[in-house]
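The values are calculated or read from the model by the stated rules, or taken from the named source; none is laboratory data. This is a predicted model, so every value here is computed, not measured. Ideal geometry is used to build each Cβ from the backbone, glycine not excepted, and the neighbour counts take in all protein chains shown. Remember, those area values only see protein heavy atoms, side chains included, never the ligands or the DNA or RNA. Shrake-Rupley method; radii C 1.70, N 1.55, O 1.52, S 1.80 Å.
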Amino acid sequence: MKKMIALLLCLCFALGGCAQSAPIQHTEEDGGVTPAPVVADSPASPAESFDQLALRLAALPELPEEPNEEVLWAELGALDRDALGEDGYNEAYDKLWQEFSAKQDAYYDAVGALRGDGVDDTLTPAFLAYTLRTAELLFDGASEKNVVYSPANLYLALCMLCETTDGETRAQLLDLLGLSDVEQARDAANTLWRTLYRDSATDKTLLANSIWLNEQFSFRQDTVDRLASDYYASTFRAKMGDRTTDAAIAEWINENTNHLLENAANGLKTNPDTLMMLISTLYFKGTWRSQFSEFATEEDVFTAADGTEQRVDFMHKSVDRGTYYRGDTFTVAYLPFTDGKQMWFLLPDEGVTLESLLSGEAVDLASLSDPSAAEIRWSVPKFDVDSDLDLIPALKTLGVTDVFDKSAADFSPLTELDAVVSAVKHAARVKVDEEGCEAAAFTAISVETTAMMPERLPVIEMDLNRPFGFLITGVDGLPLFVGAVNTAE
């Protein structure tokens, strides 16, 4: 499988190129985020919004609106030559084009400034090696079930985790990521974020990060600030183990993934021992450069890995001049999106199983041809695949162990409390139809304290359903009103 994933990734890299802030309170004693008072548990309510728990919302880069070419053609078509006259028509026509070109130049200049130099020669091989190592484990043994995951999303989440750890705990994470130190992790995460980010009417790659802090504990301010500045991470403080907090976390994920992963997001739960939760999301929407016609979609047979014949809708179209690669036992080709991205497809020859390709048994990389041009007749099943993965076993196999070990985990950059990662959940989903592809992923890393929890305060109910007294005092504490209520009528 490693050979086959390497093949696809090498092709992709070669041809694809590869809010307002609110202040955080401090304490003089520890210089960290001030713990808030403990409040009684409350039921989750749809009216509760995650922004009510925000200490600091990430200030994301702002790009000018990308001009819409369809709007331009509509405006050009609406010009009345007879009413304007020949000269007036030509002047209005040229003006619309000039305005469109100016907006387009401003948009791409802003995108270029955001991306900077892009992914450098150091990060590309490191990211490729990391993707190979993680994908090899996550796809291992998945011969008859769908698997999907986002290497970029997990990479960003693990970079954030590096920022909150130190010592050997951090070193193991950096080794997996192919990075030398935490400064390089900051640069890598920031570069990936700025390079991938895109938000247009038809094509989107939206990334969001957040850190959710237990309101009962203090945290080191410089680390929280670093997550906000270098990772565009919003900071929230809430009561852990509360259904309202869980609902707010799910709401934040759903808003940033266009609700594609609701079941997985709604399944995330905190508990009173949860020290923090790091969350990274990625949402993708791409429109085919040449869309499939719905009229050409027909039901046909898809033969599953276990031999089962399944009747599904297949999309059909022909590309007059497409690019493909041939190996001894497989073909690789891609469909382009409007913004230059591609979706690659690997098709085993008849009689060759995908499992054998993924295991490397039927792959001879030396047999791979140079890119060739041909008319490509596409028949693509409309599909919707998703995965909900527990990544702890894979991370341990990859050498990341201390972060899960109570006696070894080092979270000193974030807190003085003893802590350990208790869960690493990764959910992803990819949908393909006639218009294009929509996909989303999130990684949620839960960190629990192993120190003794502060004593939970008792819950007292003040149900004023019987006679009661009251006292109103002024700002100086002097009584303004005092009374007794013996009847509510």
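Before moving on, here are some points about what is shown:
- Extension gain, residue 397 back to residue 120 (0.36 nm per residue minus Cα-Cα distance, nm): 96.9 nm
- Whether segment 225-287 is rounded, prolate or oblate, judged on the alpha carbon gyration tensor where a/c under 1.5 counts as rounded: oblate
- Put simply, when 218-229, 432-443 are sorted by average Cβ atoms within 10 angstrom per residue, most first, you get 432-443, 218-229.
- Accessible area per residue was computed with a 1.4 Å probe on protein heavy atoms; residue 252 scores about 10 Å².
- Area accessible to solvent at residue 290, 1.4 Å probe radius, in Å²: 60
- The calculated pair-distance distribution of segment 259-318 uses every alpha carbon pair, bins of 5 angstrom beginning at 0, and gives 4, 11, 12, 11, 11, 16, 12, 7, 7, 6, 3, 0 percent.
- Spin-label model distance (nm) - residue 372 vs residue 79, 7 Å beyond Cα toward Cβ: 4.7
- Accessible-area rank, largest first, for 212, 73: 73, 212, with all protein chains present and a 1.4 angstrom probe.
- Set of segment 60-80 residues, backbone N closer than 12 Å to the point 7 Å along the Cα-Cβ line of residue 104: 67-73
- Taking a straight line from the alpha carbon of residue 285, these lysines sit under 22 Å away, with near neighbours fewer than eight places off in the same chain left out: 204, 317, 341, 382, 431.
- Summarising the overall dimensions of segment 295-431 from its C-alpha atoms, the Rg and Dmax are 21.6, 63 angstrom.
- Note on residue 183 and residue 451: the model spin-label points, each 7 Å out from Cα along the C-beta direction, lie 3.0 nm apart.
- Stretch gain in nm, segment residue 321-residue 435, where the contour uses 0.36 nm per residue and the Cα spacing is subtracted: 39.1 nm
- 18 Å Cα-Cα reach of residue 406 towards aspartates and glutamates, excluding residues that sit fewer than 8 places from it in its own chain: 166, 168, 273, 416, 418, 448
- Estimated D of segment 52-113 in µm² per second, where Rh is the Kirkwood radius over Cα pairs and Stokes-Einstein applies at 37 °C, 0.692 mPa s: 230
- Overall form of segment 183-243 per C-alpha gyration tensor (a/c, 1.5; a/b vs b/c): oblate
- Separation of the residue 384 and residue 298 label points, Cα + 7 Å toward Cβ, nm: 2.5
- The trypsin sites (Lys or Arg not before Pro) found in segment 57-145 that occupy coil by DSSP, while having at most 15 further C-beta atoms within 10 Å, are 145.
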